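Asker: Supplied in structure tokens, the structure appears directly below.
The values are calculated or read from the model by the stated rules, or taken from the named source; none is laboratory data. In this text the structure is predicted, and so the values were computed from the model without any measurement. All Cβ positions, even for glycine, are placed from backbone atoms using ideal geometry, and neighbour counts span all protein chains on display. Just the protein is used for accessible areas: all its heavy atoms, side chains included, with ligands, DNA and RNA removed. Shrake-Rupley method; radii C 1.70, N 1.55, O 1.52, S 1.80 Å.
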Amino acid sequence: MLQPLSTDPSLLLFIAATFLLAGFVKGVIGLGLPTIAVGVLGVVMAPAQAAALLAVPNLVTNGWQLATGPSLRRVLSRLWPMLAGIAAGTWLGAGLIEQQKNGSATLWLGLALVLYGLVGLKAAKLRVPAGAEAWLAPLVGLATGVATAATGVFVLPAVPYLQALGLDKDELVQALGLSFLVSTLALSVGLLEAGVLDARVALQSGLALLPALAGMAAGAALRARISAATFRLCFFAGLLALGGYLVLRATG
């Protein structure tokens with residue numbers, strides 16, 4: 001059972017600063033909140049407590065990212081087969097994260113992110129072939145759901161797939177928010193059933209939402225001012241950094 005957070009002002013300030021930074025990164029490139037927050041907070045608390053603090057910020061920031069995009073109806077109508085696959089894959093993979101003791105799944109995800117980030121920075125452009133989206137989307141969703149259930153990381157293979165659809169920067173950020181929201185909800189159902197989430201944990205997580213939203217607002221404001229080319233550079237550099245972090249975490 002998770003213990004209540006200490007009221008030590010220095011600890012609370014550290015937590016607030018962590019969520020402010022993680023929210024800012026998410027505001028700029030559309031992802032990275034849980035990876036950064038869990039990684040930094042792991043210095044001062046148990047990983048389980050850090051993950052619990054992310055429940056409400058994940059739900060709300062992804063919901064905001066989704067709602068503030070240019071065309072929710074168009075994105076939803078295009079992505080629903082992938083989203084259904086994510087929900088099914090997360091359900092099918094329930095319990096994998098408890099079985100994964102050596103960090104191998106996280107390691108492979110990190111290596112794949114590093115490779116994808118390097119390919120993107122080299123200006124190689126992935127594209128989903130014409131006519132392939134109808135059958136590829138559910139498979140990508142299913143694989144993403146299983147990976148989410150095994151590692152708690154939402155990004156692969158959904159992020160490369162969404163980037164390969166040729167969306168503009170605001171549509172891509174909205175699509176990422178939609179994908180991550182579905183992944184978060186699917187995981188939350190499992191946490192509720194396991195009794196990990198309760199009213200006390202939800203209250204603590206709600207307090208962490210405030211700095212996360214502030215950081216995300218600042219990051220989104222920056223994204224609105226940068227060019228598509230600069231956003232692309234930030235996006236792939238962010239994936240490279242997140243992948244590198246996952247590799248370091250998995251290898252101890």
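Asker: Pairs needed: first member in region 19-33, over 17 Å from Phe154 (Cα atoms); second member anywhere, surrounded by fewer than 24 Cβ atoms within 10 Å (Cβ to Cβ) and of a type in the set (Lys, Arg); C-beta distance under 8 Å; at least 6 residues apart or different chains.
Answerer: Here the result reads Val28/Arg223, each pair linking region 19-33 to a residue that is surrounded by fewer than 24 Cβ atoms within 10 Å (Cβ to Cβ) and of a type in the set (Lys, Arg).
Asker: Just the residues that are at pLDDT 85 or above and among the β-branched types (Val, Ile, Thr), please, taken from region 116-164.
Answerer: The answer is Val128, Val140, Thr144, Val146, Val159.
Asker: Right, something else. Could you tell me whether region 131-150 includes any residue that is open to solvent by less than 30 Å² (accessible area, probe 1.4 Å), under 19 Å from Ala52 (Cα atoms), in contact (Cβ under 8 Å) with a residue 60 or more places away in the chain and out of contact with any Leu (no Cβ under 6 Å at 6 or more places or on another chain)?
Answerer: There is at least one residue in region 131-150 that is open to solvent by less than 30 Å² (accessible area, probe 1.4 Å), under 19 Å from Ala52 (Cα atoms), in contact (Cβ under 8 Å) with a residue 60 or more places away in the chain and out of contact with any Leu (no Cβ under 6 Å at 6 or more places or on another chain).
Asker: I need the full set of residues from region 59-115 which are open to solvent by less than 70 Å² (accessible area, probe 1.4 Å), of a type in the set (S, T, N, Q) and either at pLDDT 90 or above or over 18 Å from the mean Cα position of the chain (by Cα) (or both), in order please.
Answerer: Passing the criteria: Thr61, Asn62, Ser71, Gln100, Ser104.
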